[in-house]
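Notes to accompany the following structure.
Readers should treat all values here as calculations from the given coordinates under stated rules, not as data from a laboratory. The shown structure was predicted, so the numbers you read here are calculated from the model rather than taken from an experiment. A quick note on method: Cβ atoms are made from the backbone with ideal geometry, for glycine too, and the neighbour counts reach across all protein chains shown.
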């Protein structure tokens, strides 16, 4: 986790921008422009032209945002589901986005939430180590689901160690129904997510870096402030990735308890609050040129990223 | 689940072939042949040539197996992790494999084990509904992880209903460490996987088809025969996808209890036992031409698929 922590310190900003485009979050004229262009230059099955055009639009949208925030935030977190929704063309856009973000000095958290039995997890862990010496995904860390237990986790921890990368395991997610499984009370009074927290702390024990945190982080939703603060104490060597800020209801105050006494120990994600901030800008209209619309997207993303940074600085001061 | 059950009845065979290629499971001369060819015809970043070649080899391997088993088995289950290991080129191979299997009349279970919060799960559910009218993934069902609770599941159940497709939710996986979370005992004595089983039965209640099974199936590992039989009774409207047969230790006898009285209610997966059966054939040598090696792969896969079918028929008689 050292590279991420260094990046956070150098920007003095423990926040990450979620690059989660959807057709509603990308200005209509940008979606439209690339849809037409796709029809002109892409050889593809006719059926997939819409997806290919959307993927091109997503990439231009992401590029505008990355350019606008690269000097403010240490990291981005593309959510691969948004790209998978477009099929293979979306996957190309995902890896291009990861690569472009890295080229701009950003640490890339691939929000892929994979999880499977040992031999299969070893294949997923190629996200971190690449194939035959080539980095085919361009991620610095990935998110992982714990439901299959340690043999689904170990290939990721080994890959992280081998390739100087990190992982974040789901402990307490930000959504309302996470309670249905994660909050269940075990014999003896421990909750399922607390038990998972203990496993995560243990899975990371061999890879503690020079800031005191292991390569095996935890996902802890911003929507559970008290539980987050308790987990902070329970998992002293585990760095937190905190989703659910902004659109999902989390605030700088609600995440403050997930940081350690030095103001380290966590990175907070906002997606819609930053990449969708342009939707409240009165300068935007559907009649603007695509380039102008992307400038408005970029301006608003930059201001929203600065606001989030400043709110976190105040809450952690 | 009606389409799958019809396919099983028409082939009189409740088994599915796992299409999980790895460099070790594909004959060396096939890997080599397509690696060279990739260098000749693919425009790509040099770094990714190895992955592009491997993806081409995987597709030829899969095609040989699909051709060999299409009249014997009702379904195939490609494990997307094996393709993701190659990056975007692997994803292209995955969707081409799904499409080819369907063109050959097979029901395709995409083993993707996705799971996320509601809005993100809705993006993943495009695996079932496609993007803008185009079927970009070519799957008939997907596997889903339950750790995030119902709001991560509902988009999949809605998509399945909309597109006449199905899903299988992880309940009890086949790997040794699945016990670390799935077997935990809750207050009152229920185990976590039993609680998940009850949720799955409930999530499927609105989509029960004409054979009595809902669109929301369950993944129950062949390596837990007693628990599997108990789950069969506990989840009367839930169809089972049973991995872990063959290489992982499951037998026809150990899965028999996961079927209902009519010999329906489950489909059993074997991957390595079928696609890797060629490795025990004395006719194989590394000096054979790639085409000859693929013929040996195909012959052995066909025989192994027939053996599995016949063993299941005996065990269920």
> If we count other beta carbons within 10 Å of each Cβ, what is the order of A:195, A:224, fewest first?
Replying inline: A:195, A:224
> How many Å³ per residue does the convex hull of the Cα positions in the stretch B:158-228 occupy?
Replying inline: 110 Å³
> Based on the alpha-carbon gyration tensor of the stretch B:94-175 and its eigenvalue square roots a ≥ b ≥ c, which shape applies: rounded if a/c is under 1.5, prolate if not and a/b is larger than b/c, or oblate?
Replying inline: oblate
> How big is the gap, in Å, between the Cα center of the stretch B:212-237 and the Cα center of the stretch B:51-115?
Replying inline: 26 Å
> Where does chain B land at 222 nm, in deg cm²/dmol rounded to the nearest 500, when only DSSP H runs of n ≥ 4 count, each adding -39500 (n - 2.57), divided by all residues?
Replying inline: -14000 deg cm²/dmol
> Distances from residue B:306 to the same residue in each other copy, label points 7 Å out along Cα→Cβ, in nm, shortest first?
Replying inline: 7.4
>> Angle check, please: helix A:88-103 long axis (alpha carbons) against the longest principal axis of chain A (alpha carbons), in degrees 0 to 90, nearest 10.
In response: 70 degrees
>> What is the angle, in °, between the Cα long axis of helix B:28-41 and the longest principal axis of the Cα atoms in chain B? Nearest 10 is fine, range 0 to 90.
In response: 70 degrees
> Which percent, to the nearest 5, of DSSP beta bridges fully inside the protein assembly as shown are antiparallel?
Replying inline: 10 percent
>> Show me, bin by bin at 10 Å from 0, the whole-percent P(r) of the stretch A:140-275 based on Cα pairs.
In response: 13, 45, 35, 8, 0
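By count of other Cβ within 10 Å, fewest leading, how are A:67, B:206 ordered? Let's see the in-between values first.
Values: A:67 15, B:206 12.
Going from sparsest to densest Cβ surroundings: B:206, A:67.
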> Percentage of Cα-Cα pair distances in the protein assembly as shown greater than 50 Å, rounded to whole percent?
Replying inline: 8 percent
> How long are the three semi-axes of the equivalent ellipsoid for the stretch B:1-156, computed from the Cα gyration tensor as the root of 5 times each eigenvalue, in whole Å, largest first?
Replying inline: 28, 21, 13
> For chain A, what is the relative contact order in percent, using Cα pairs closer than 8 Å and at least 6 residues apart in sequence?
Replying inline: 20 percent
>> Can you classify the stretch A:76-130 as rounded, prolate or oblate using the Cα gyration tensor, where a ≥ b ≥ c are the square roots of its eigenvalues, rounded means a/c under 1.5, and otherwise it's prolate if a/b beats b/c and oblate if not?
In response: oblate
> What list do you get for A:92, A:116, A:20 if you sort them by fewest beta carbons within 10 Å?
Replying inline: A:92, A:20, A:116
> For the pair residue B:234 and residue A:253, what calculated FRET efficiency results from E = 1/(1 + (r/R0)^6), where r is the Cβ-Cβ distance and R0 = 45 Å, to the nearest 0.05?
Replying inline: 0.55
> Using the alpha-carbon atoms, what tilt in degrees (0 to 90, nearest 10) does helix B:49-69 show relative to the longest principal axis of chain B?
Replying inline: 70 degrees
>> Over the stretch A:256-301, what portion of Cα pair distances is larger than 14 Å, expressed as a whole percent?
In response: 58 percent
> What is the Cα convex hull volume of the stretch B:2-316 when expressed per residue in Å³?
Replying inline: 136 Å³
> Can you list, shortest first and in nm, the gaps between the label point of residue B:186 and those of its counterparts in the other copies, using a point 7 Å from Cα in the C-beta direction?
Replying inline: 1.5
> What's the center-to-center distance, using Cα atoms, between the stretch B:255-293 and the stretch A:253-317 in Å?
Replying inline: 52 Å
>> Just to be sure I understand: of the beta bridges DSSP finds with both ends in the stretch B:2-316, what percent are antiparallel, rounded to 5?
In response: 5 percent
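Decide, for the stretch A:48-116, between rounded, prolate and oblate: order the square roots of the alpha carbon gyration tensor eigenvalues as a ≥ b ≥ c, take rounded if a/c falls under 1.5, and otherwise choose prolate if a/b is larger than b/c, else oblate.
Because a/c hits 1.5 or more and a/b fails to exceed b/c, the stretch A:48-116 counts as oblate.
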> In nm, to one decimal, how far is the modelled label at residue A:306 from the one at residue B:316, with both set 7 Å along Cα→Cβ?
Replying inline: 6.6 nm
